[in-house]
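S.K.: One structure, as structure tokens, below. Some questions next.
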Amino acid sequence: MHINEVAKQLNTTSRSIRFYEEKGLISPEKDEENNYRYFTEKDILRLSTILALREIGISVMDIKKILEDPKMSMEDYLNVQRSALFDKWIEIKDMIHAIDQMVEKTEDDHYSMDNILSLANHLKNLKNIRKNWQDKWNFDSWADDFDKNIKRIGHTFNVHQDYDEALAMIVDTVQLKQGETCLDIGIGTGNLGSKFLTEGIKVIGVDQSEKMLEMCKEKHPLIEVRKGNFLAIPLMDNHVDAVVSSYALHHLTDDEKLLALEEMRRVLKPNGQICIADLMFLNEDDREQVMGDFRKSGNTEAIVAIEDEYYADQLLLLNWLSEKGFEVKTHQFNDILGMIYAKKAKKDG
Ligand SMILES: C[S@@+](CC[C@H](N)C(=O)[O-])C[C@H]1O[C@@H](n2cnc3c(N)ncnc32)[C@H](O)[C@@H]1O
């Protein structure tokens with residue numbers, strides 16, 4: 001097929017096609033005599049892929065990488081792009097929300113610029129929290145051996161003591177009907193989310209680690225995996241009936257945790273449920289007491305491990321959830337592992 005025909009078929013221009021050729025994304029055969037390009041079915045398919053990826057905002061350079069990387073599938077790249085677009089969308093939503101609030105303030109004849117500035121600062125703070133989270137643990141490198149490394153017993157300090165009980169209790173506590181949707185965030189290799197599949201529930205697993213998601217997909221093909229972060233969950237508003245999470249939230253600081261709860265609330269339908277089992281202390285006094293006990297018994301392994309992460313202050317999370325109208329209840333498995341269950345009000349306030 002010649003360039004004009006291809007352009008017509010794909011609803012683009014010959015100029016754009018030549019541009020992609022110049023950038024090395026396609027290389028149709030050329031007639032040596034008249035220099036006309038000839039496009040095979042394969043070229044047309046490649047060009048359709050390029051046009052589709054451009055339409056969803058992927059840069060020409062990144063498309064080149066996608067097409068040249070034999071290991072990365074189209075699905076993988078779409079997943080990465082969706083996550084990036086959700087980051088932008090959520091940032092824009094925050095900005096629009098701030099504008100609405102600023103306009104509201106200016107409608108008051110006696111408004112002060114300080115009020116506007118404090119809204120701007122709040123927005124800046126949100127942006128920084130979202131931007132600053134980093135995977136300092138390198139979870140991609142944990143993925144292959146993650147399941148093998150879950151040690152149930154026999155350690156000086158064992159974060160996975162009661163791991164199975166905690167996952168089982170989440171499944172018992174969250175009430176879902178067949179056909180409803182459950183989001184497992186920080187899903188890792190899918191140990192929690194997969195337990196809901198047997199109940200006929202649709203499970204979506206979100207994780208920031210592509211390797212963890214690969215492993216999860218390999219073990220549990222029925223789970224829909226999405227790359228994304230607690231701080232910008234790659235789902236539309238009011239999308240799921242439950243959000244569950246195990247052993248993941250303690251990789252976020254307190255400020256980040258509260259923003260993560262806000263994100264969970266956003267994607268949750270009215271009457272939806274949140275259930276989190278994670279490393280946490282009951283409150284700041286409890287943290288002091290437990291850490292003191294570890295110090296007294298000379299358990300430096302415990303101290304170092306706890307200080308490397310952000311074990312939650314359960315009370316902080318409970319207060320936030322109650323303020324937002326959730327009904328909450330808790331369970332404590334041991335000194336460092338707790339569960340929070342929260343049910344969203346029918347009408348979100
Ligand atoms: C210790 S693993 C737990 C995995 C699984 N939930 C379980 O209980 O076996 C923690 C997981 O949380 C994910 N994670 C940590 N911080 C995250 C964040 N900010 N957003 C999304 N995922 C995160 C990691 O990539 C990792 O897969």
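Throughout, read-outs are computed from the coordinates displayed, never taken from laboratory work. Please read these numbers as outputs of a predicted model, since none were measured by experiment. Heads up, the Cβs are rebuilt from the backbone with ideal geometry, glycines too, and the neighbour counts pull from every protein chain shown.
S.K.: Could you tell me the relative contact order of segment 3-68? Use alpha-carbon pairs under 8 Å, at least six residues apart, and round to a whole percent.
M.R.: 27 percent
S.K.: Lysine pairs in segment 101-190 with Cα distance under 30 Å, only those 8 or more apart or on different chains: how many are there?
M.R.: For segment 101-190, the number of qualifying lysine pairs is 7.
S.K.: Another question about this same structure. In whole angstrom, how far apart do the alpha carbon centroids of segment 309-326 and segment 11-85 sit?
M.R.: 47 Å
S.K.: Further question on the same structure: Reachable lysines from Lys8, Cα under 26 Å, same-chain residues fewer than 8 places away excluded?
M.R.: Within the straight-line cut-off, Lys8 pairs with Lys23, Lys30, Lys42, Lys64.
S.K.: While we're here: Order the peptides 309-320, 326-337 from the highest to the lowest mean number of other Cβ atoms within 10 Å of their residues.
M.R.: Peptide ranking by packing, descending: 309-320, 326-337.
S.K.: Given the options Ala342, Ala302, Ser16, identify the residue whose Cα lies farthest towards the positive end of the charge dipole of the chain (+1 on Cβ of Lys, Arg; -1 on Cβ of Asp, Glu).
M.R.: Ser16
S.K.: Note down the relative contact order for the chain as a percent, whole number, built from C-alpha pairs under 8 angstrom at least six residues apart.
M.R.: 12 percent
S.K.: What residues qualify as long-range amide H neighbours of Arg226, i.e. H under 5 Å apart, gap of 5 or more or another chain, H built at 1.01 Å from N?
M.R.: HN-HN under 5 Å from Arg226: Gly205, Val206, Asp207.
S.K.: In addition: Along the charge dipole of the chain, pointing to its positive end and built from +1/-1 on Cβ of Lys, Arg, Asp and Glu, which listed residue (His97, Trp142, Pro70) has its Cα farthest out?
M.R.: Ranked along the dipole, the leading option is Pro70.
S.K.: Under unit Cβ charges (Lys, Arg +1; Asp, Glu -1), what dipole magnitude, rounded to 20 debye, does the chain have relative to its Cα centre?
M.R.: Around 800 debye, computed over the chain.
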